[in-house]
Number of protein chains: 2
Amino acid sequence: MSEPDTKRVKTSDEAPYELIYWPNFPGRGEFVRLLFEEAGVSYVDTAKAGDDAASTVLHLTSPDNKGDAINPPSFACPALKHGDLRLSQTPNILLYLGPKLGLAPTEGRGMYHVNQIALTILDCFSNEVHETHHPVSVSDYYEDQKPEAKRRAKAFTRERLPKFLAHLQRVLDGEASGDGPWLYGGKLTYADLVLFQGIDGTQFAFPRTMKSLRDSGKYDGVFGLYDAVKGRPNIKKYLASHRRCQYSDGIWRHYPELEED
Amino acid sequence: MSEPDTKRVKTSDEAPYELIYWPNFPGRGEFVRLLFEEAGVSYVDTAKAGDDAASTVLHLTSPDNKGDAINPPSFACPALKHGDLRLSQTPNILLYLGPKLGLAPTEGRGMYHVNQIALTILDCFSNEVHETHHPVSVSDYYEDQKPEAKRRAKAFTRERLPKFLAHLQRVLDGEASGDGPWLYGGKLTYADLVLFQGIDGTQFAFPRTMKSLRDSGKYDGVFGLYDAVKGRPNIKKYLASHRRCQYSDGIWRHYPELEED
């Protein structure tokens with residue numbers, strides 16, 4: 001099960017892939033990076049472009065940028081350039097790349113099922129995690145919304161997180177997940193990579209909570225899948241490389257007080 | 001421009017469509033309903049099934065429900081049944097239905113662009129609006145998080161809402177939107193219907209704010225598109241029918257104090 005799936009069609013389109021994202025934290029860009037890394041497909045990562053990295057993002061979302069004849073403008077990054085195509089919105093980029101990189105079915109309902117699972121994981125482990133440190137205003141500092149953050153984090157760690165983990169365990173226990181540790185169809189898909197990153201980031205943000213949830217034994221399939229992705233040869237190499245960005249002040253932040261009673 | 005587009009391929013699949021959603025408020029189910037209504041395609045709406053409506057939703061998301069051999073389980077509604085296919089996650093259901101109902105390109109990059117625009121609208125006019133009345137805990141009553149809600153609503157109405165409206169105006173001003181009032185490719189797509197519902201619900205929740213934003217004249221394209229969708233023959237009939245649910249305590253709630261300084 002750990003060998004790349006060679007039966008899926010890869011694109012013959014030879015245009016280079018370029019990811020546009022903020023520098024200095026993994027963020028939502030990481031969900032996209034993991035697809036390229038697992039597939040062993042090279043990509044330009046503008047987050048690694050030094051002084052130019054932030055200005056590339058600012059240009060993307062500038063009020064003057066109205067897209068072009070083919071592409072609507074982007075509200076936010078990550079964004080993907082592939083030939084003359086420009087795409088944004090994380091689940092949308094994954095939906096596009098999945099089949100091209102051999103990480104999703106190329107046709108039929110599987111495409112929608114993998115998208116469904118990825119959207120659900122992103123809701124919890126990316127969007128709701130971000131809300132824990134910015135519950136009342138995205139543009140204010142965390143320090144200016146600490147009591148609210150504490151309340152939101154409590155609701156997240158006690159109610160939402162166990163509810164989402166139980167759901168993902170149900171997905172794995174269900175017949176449609178197929179054989180092996182994977183979420184859908186008995187094969188590694190990008191939904192598995194999204195789960196890995198979501199769990200990994202959430203473990204950084206809420207280490208005590210996640211350890212206790214793992215130790216409960218209720219979600220062994222979910223954490224087993226996390227381990228299985230982490231052990232994939234290309235993912236392992238990537239995580240040990242300088243390309244893997246350290247967590248800092250992005251979506252996944254570690255504020256110990258958010259786990260205190 | 002107000003005639004249905006007959007050039008797009010409709011599905012030959014004759015299986016009936018069934019929408020599973022909560023009764024008594026429009027909610028995210030409304031984004032799905034509008035596609036069927038605009039296309040003039042009949043559908044079963046479990047929200048209208050009287051006493052059975054809530055139990056249908058509870059069965060969908062029950063801990064015992066692990067999906068079946070084809071379909072993974074759903075985390076939440078809305079869900080769609082079509083033949084033996086079961087789908088959930090609002091943008092995913094729209095992605096599936098769009099091309100079948102003549103409301104999105106059936107191939108190529110247009111599918112991703114329409115998905116991108118719809119995801120962005122849902123982020124603001126559905127997800128972030130919901131956060132305004134439940135900023136610290138989804139499972140607590142609004143009454144138990146009023147000061148936090150007031151702060152979140154202020155950030156939403158003063159910063160987020162104008163930022164998203166400006167972005168959507170940029171989409172309309174961009175070349176890729178094509179001719180006419182529509183967001184993409186010079187034709188009505190489901191992204192336009194999503195925008196209509198998002199604006200309509202947000203006007204119910206924040207009437208003073210939305211009136212003042214409309215009157216500013218900065219987003220004339222966006223509100224012009226809202227009016228264009230509202231005037232479509234099938235949409236007009238639907239809005240006047242008993243099938244259109246009144247706003248109440250769903251995503252879009254009117255708490256006058258959330259617009260006060």
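The values are calculated or read from the model by the stated rules, or taken from the named source; none is laboratory data. Small disclaimer: the values here were computed from a predicted structure and weren't measured. Positions of Cβ are generated from backbone atoms using ideal geometry, with glycine treated the same way; all protein chains shown enter the neighbour counts.
Just a few scattered comments:
- Some residue of segment B:14-23 being of a type outside the set (D, E, K, R), within 13 Å of chain A (Cβ to nearest Cβ), in a loop (DSSP other than H, G, I, E, B) and at negative phi: yes
- Segment A:47-72, residues that are without any contact (Cβ under 8 Å) to a residue 24 or more places away in the chain and either crowded, with 24+ Cβ neighbours inside 10 Å or hydroxyl-bearing (Ser, Thr, Tyr) (or both): A:55, A:61, A:62, A:72
- Pick from segment B:119-152, criterion aliphatic (A, V, I, L, M) and more than 9 Å from every other protein chain (Cβ to nearest Cβ), ranking: surrounded by the most Cβ atoms within 10 Å (Cβ to Cβ): B:121
- Qualifying position, being within 21 Å of residue A:176 (Cβ to Cβ) and of a type outside the set (Gly, Ala, Ser), among B:147, B:99, B:91, B:135: B:91
- Residue count, segment B:211-261 (criterion: more than 27 Å from residue B:151 (Cβ to Cβ) and among the basic types (Lys, Arg)): 6
- Some residue of segment B:196-209 being among the hydroxyl-bearing types (Ser, Thr, Tyr) and more than 9 Å from every other protein chain (Cβ to nearest Cβ): yes
- Sole exception among (1) among the polar types (S, T, N, Q); (2) within 30 Å of residue B:46 (Cα to Cα); (3) within 14 Å of chain A (Cβ to nearest Cβ) for residue B:177, by number: (2)
- Segment A:171-183 residues that are surrounded by 14 or more Cβ atoms within 10 Å (Cβ to Cβ), paired with ones that are of a type in the set (S, T, N, Q) (beta carbon under 8 Å, 6 or more apart): A:171/A:177; A:176/B:71; A:182/A:189; A:183/A:177; A:183/A:189
- Just one of the listed residues (A:109, A:158, A:170) is within 28 Å of residue B:185 (Cβ to Cβ) and either within 9 Å of chain B (Cβ to nearest Cβ) or not hydrophobic (A, V, I, L, M, F, W, C) (or both), namely A:109.
- Each residue in segment B:207-261 was checked for being outside any helix (DSSP H, G or I) and within 18 Å of residue B:30 (Cα to Cα), and 16 of them qualify.
- The set of residues in segment B:41-82 that are more than 14 Å from chain A (Cβ to nearest Cβ), of a type outside the set (D, E, K, R), part of a loop (DSSP other than H, G, I, E, B) and over 25 Å from residue A:108 (Cα atoms) comprises B:49, B:50.
- Selection over segment A:76-112 of residues that are surrounded by 24 or more Cβ atoms within 10 Å (Cβ to Cβ) and either touching a Cys at 6+ places or on another chain (Cβ under 9 Å) or modelled with pLDDT under 95 (or both) gives a count of 1.
- Set side by side, the residues B:157, B:120, B:90 differ, and just one is among the β-branched types (Val, Ile, Thr) and over 30 Å from residue B:44 (Cα atoms), which is B:157.
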